[in-house]
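Visitor: Mind looking over this structure? Questions follow.
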Amino acid sequence: MSETSKRSTVYFDPQLHAALRLKAAHTHRSLSDIVNDAVRMALAEDQEDLAAFEERVSEPTVSYEAFLDDLKAHGKL
C-alpha cells in the first residue's frame, strides 16, 4: 500500500467475502486492489451517467402518467 492510502472498515456479506478471497488468491492480487478497482469502476460509471444526463438536459421530458397514457392510446397496454 502506498503512503497515501487510507484505512477503512468494510463489512462484507460472508459469501461475498469468500468470493473476494478466492479471486484474490486466484489472481495473485490483494483484496484491497480488487475492491479499489471495483470502486473506481463504479465511480467512473457514475461519472459517465452524469455526463449523459448533462448531454440530454435540453431534451423534453415526459411524465410517467403521460407515457402510460401514450402506450394505452397506441394499444400497447
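Visitor: On the Cα set of the chain, report Rg and Dmax in Å, please.
Guide: Considering the chain through its Cα atoms, Rg and Dmax are 21.6, 62 Å.
Visitor: Measure off 7 Å from each Cα along the Cα-to-Cβ vector at ASP70 and SER5, then give the distance between these two points in nanometres to one decimal.
Guide: Distance between label points: 5.1 nm.
Visitor: Lysines near LYS23 by alpha-carbon distance under 28 Å, same-chain residues fewer than 8 away left out - which ones?
Guide: In chain and number order, the partners are LYS6.
Visitor: Using only Cα atoms, find the angle between the long axis of helix 64-73 and the longest principal axis of the chain, and express it within 0 to 90 degrees, rounded to the nearest 10.
Guide: So the inclination is approximately 50 degrees.
Visitor: With point charges of +1 on the Cβ of Lys and Arg and -1 on the Cβ of Asp and Glu, referenced to the Cα centre of the chain, which listed residue (THR9, ALA66, ALA44) lies farthest in the positive direction of the dipole?
Guide: Final value for the positive-end residue is THR9.
Visitor: If packing is taken as the mean number of other Cβ atoms within 10 Å per residue, what is the order of 42-52, 4-14, 19-29, highest first?
Guide: Numbers: 42-52: 9.9, 4-14: 7.0, 19-29: 11.5.
The packing order, highest mean first, is 19-29, 42-52, 4-14.
Computed from the coordinates by the stated procedures, all read-outs in this text should not be read as laboratory data. Computed from a prediction, not measured in an experiment: that's the story for all the values here. Note that each Cβ is placed from the backbone with ideal geometry, even for glycine, and that neighbours are counted across all protein chains shown.
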